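Notes to accompany the following structure.
The values are calculated or read from the model by the stated rules, or taken from the named source; none is laboratory data. Model, not experiment: these values are computed from the prediction. Reconstructed Cβ throughout: ideal geometry from the backbone, glycine too, with neighbour counts over all protein chains shown.
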Amino acid sequence: MSTTLAPAAALESAASAAGLTIASIEPGTDFAGVPTTRATLVLATDSGASQQKNTLTLELSESFNAADPKFAPELATFFAEAAQRLRSPRADVYLTLHGLPLSFGKFAWPFHASTSGADTYVVHGEITLEDGRDTQLHAKIAAALTQTFATVVSALEQPFAEGFIINAVRKTLDQGQLELVKSGNRQPVPVTTRYYSMKQQRFIFNDTTAEQRHHFLAGKVFWLSHILGNGAPIWIADPRDAQYLNTTVDELRANAADLQKQGLIAIEGDRASATDALRANEPKYRAEVDEALAFIKPSFNEDMRSGHTNM
């Protein structure tokens, strides 16, 4: 029997509690052609607008029972955080430690078993450079989750995995193991237990200093608020950023307060926008993007390219 109707009611209830509206629920298919349910999320305050400001897509297996009480806490957290992101101009954009603003889209949830024979679960998606210049630089990615790692996830569905997948992609870029191109093949993103502490039962991606977090938050406000958001304030206490930077949301708030004291950002609640002082740093931030793109571009041994090898 189809479970589409019961999850739809449960999803609508959880979304409403977070101040969201499900603008539409449509049938879809995953990578293997298995039926899915695709829901478009908007802020309740935007749902009646003739032109919606911001949307996020939630895709679940048609067989996933969103009404199961064991999933309720994590679904509530997912919707609450989605509502906060939707209050920012670009809910789909995240910054890397090297200063690359990236949108995450075209994900085909949920995970599917690897078709290459590997003992992994895979989700496909795409990241795109969002520097306001339409460079068309992007990367098609295949994030592969080991079976061991899969045991720590409540379900192989978007609400339970999207956060650490985004952080694994950012970490892989930090390591120079993904390239942004105008066209190209799908690139692998391994997601292993090296990103998860079984002892502490939490994800660990990067150990950062206060100085690094200051720089990250200033860059995030510059790109997401000033360049992409026409000055609209953005969320500076995102738990996904806290996980990525191995810190807490309270520490992010403290780091943002330091930036306000320096005159770089203006804060209201958990939201921040750029000041003239921060906007004046545009040459620096664009130079960082150029440096990051150079860093992730593959380099080749020129002797080997010319055939001069000792192999």
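Say we look at the stretch 248-277 and pick out the residues that are farther than 19 Å from Arg90 by Cβ and under 22 Å from the mean Cα position of the chain (by Cα); which of these is surrounded by the most Cβ atoms within 10 Å (Cβ to Cβ)?
Selected residue: Asn255.
Scan the stretch 40-49 and give yes if some residue there is polar (S, T, N, Q) and either in the same structural domain as Val249 (by TED's automatic domain parsing) or in contact with a helix residue (DSSP H, G or I) (Cβ under 8 Å, 6 or more places away or on another chain) (or both), otherwise no. I'd like the intermediate steps shown before the answer.
Initial filter on the stretch 40-49 (polar (S, T, N, Q)): 40, 45, 47.
Subsequent filtering for residues that are either in the same structural domain as Val249 (by TED's automatic domain parsing) or in contact with a helix residue (DSSP H, G or I) (Cβ under 8 Å, 6 or more places away or on another chain) (or both) retains none.
No - not one qualifying residue is present in the stretch 40-49.
Please go through the stretch 52-82 and give me each residue that is touching a strand residue (DSSP E or B) at 6+ places or on another chain (Cβ under 6 Å), assigned to a loop (DSSP other than H, G, I, E, B) and over 24 Å from Val34 (Cα atoms), ordered by number.
Listed by number, the residues that qualify are Gln52, Thr55.
Of all residues in the stretch 134-152, how many are surrounded by 14 or more Cβ atoms within 10 Å (Cβ to Cβ) and among the charged types (D, E, K, R)?
1
So, in the stretch 165-206, exactly how many residues are closer than 29 Å to Asp290 by Cβ, in contact with a Phe, Trp or Tyr (Cβ under 7 Å, 6 or more places away or on another chain), not hydroxyl-bearing (Ser, Thr, Tyr) and not in a loop (DSSP other than H, G, I, E, B)?
Total satisfying the criteria: 6.
Kindly list the number of the only condition in (1) under 23 Å from Asp174 (Cα atoms); (2) outside any strand (DSSP E or B); (3) of a type outside the set (Gly, Ala, Ser) that fails for Ile127.
(2)
Just checking, does the stretch 239-247 include any residue being modelled with pLDDT of 95 or more, more than 18 Å from the chain's Cα centre (by Cα) and surrounded by 16 or more Cβ atoms within 10 Å (Cβ to Cβ)?
Within the stretch 239-247, the first condition is being modelled with pLDDT of 95 or more, and the residues that meet it are 239-247.
Imposing the further condition that a residue be more than 18 Å from the chain's Cα centre (by Cα) reduces the set to none.
Looking through the stretch 239-247, none of the residues is modelled with pLDDT of 95 or more, more than 18 Å from the chain's Cα centre (by Cα) and surrounded by 16 or more Cβ atoms within 10 Å (Cβ to Cβ).
Being surrounded by fewer than 21 Cβ atoms within 10 Å (Cβ to Cβ), more than 13 Å from Lys220 (Cα to Cα) and of a type outside the set (Lys, Arg) is the filter here, so list the residues in the stretch 93-119 that pass it.
Result: Phe104, Gly105, Phe107, Ala108, His112, Ala113, Ser114, Thr115, Ser116, Gly117, Ala118, Asp119.
Taking the stretch 92-114 as the region of interest, how many residues are in a loop (DSSP other than H, G, I, E, B) and touching a strand residue (DSSP E or B) at 6+ places or on another chain (Cβ under 8 Å)?
10
Could you grab me the full set of residues in the stretch 115-134 that are of a type outside the set (A, V, I, L, M, F, W, C), in contact (Cβ under 8 Å) with a residue 12 or more places away in the chain and farther than 18 Å from Thr29 by Cβ?
Asp119, Thr120, Thr128, Glu130, Asp131, Gly132
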